[in-house]
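Read through the structure below, which is laid out as C-alpha cells, and then see the notes.
Each reported figure results from applying straightforward, stated rules to the coordinates on display, with no laboratory input. Predicted, not measured: the structure shown is a model, and the values here were computed from it. With ideal geometry, Cβ positions are generated from the backbone for all residues, glycine too; neighbour counts draw on all protein chains shown.
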Amino acid sequence: WTSQPSFEILYTGLDAREAGAVQSALAGANVRFRVSQPPGPFVVHVDGEQYYSAQNAVALAGALDRAPEG
C-alpha cells in the first residue's frame, strides 16, 4: 500500500482549455495526475507527494489565466 500514490485535489472548476493546459504542464514536469471525466467543469488530482511540484509546474508554464480554485 505504501507504494501506491495518494491523490489530492490540485484544482477544481476548470474548463476544457484550462484542464488541457494544466495536464500538459504536469506531464512535462513528470507529475502523476488524474483528471475527472467529461463533461466539465474538470477536477485535477495529483500525487500528494508531488503537490508543491505540481503547483510550481503549472505556475511556471503559465497554464492558468486566473487564480486557481481547489
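At a Förster distance of 25 Å, what's the computed FRET efficiency of Y52 paired with N30, Cβ-Cβ distance as r, to 0.05? Spell out each step's value before the answer.
Values: r = 14 Å, r/R0 = 0.57.
Calculated transfer efficiency: 0.95.
For A63, what is the net charge nearby, where nearby means another residue's Cβ is under 13 Å from its Cβ and Lys, Arg count +1, Asp, Glu -1? Before the final figure, lay out each step's value.
Values: positive: R17, R66; negative: D15, E18, D65.
Computed value for this residue: -1.
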Checklist line | Backbone HN-Hα couplings from phi across the range 8-22 [Karplus 6.51/-1.76/1.60, Hz, Gly and Pro as x] | finding: 10, 5, 9, 9, 10, x, 8, 7, 4, 5, 5, 4, x, 5, 5
Next item on the list: Please build a GNM for the chain, connecting alpha carbons under 10 Å apart, and tell me which residue among A16, A57, A25 fluctuates the most.
Entry: A16
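Net charge near S6, counting Lys/Arg +1 and Asp/Glu -1 over other residues with Cβ under 10 Å of its Cβ? Display every interim value, and only then the final one.
Values: positive: none; negative: E8, D47, E49.
Surrounding charge for S6 is -3.
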Checklist line | Vicinal HN-Hα couplings computed from phi for the range 44-59 (Karplus, 6.51 cos²θ - 1.76 cosθ + 1.60; Hz; Gly/Pro x) | finding: 10, 10, 10, 4, x, 6, 10, 4, 6, 5, 5, 4, 5, 4, 5, 5
Notebook entry, point to check: Just one of (1) 11.9; (2) 12.7; (3) 13.0 is Kirkwood radius over Cα pairs in Å calculated from these coordinates, so which is it?
Noted result: (1)
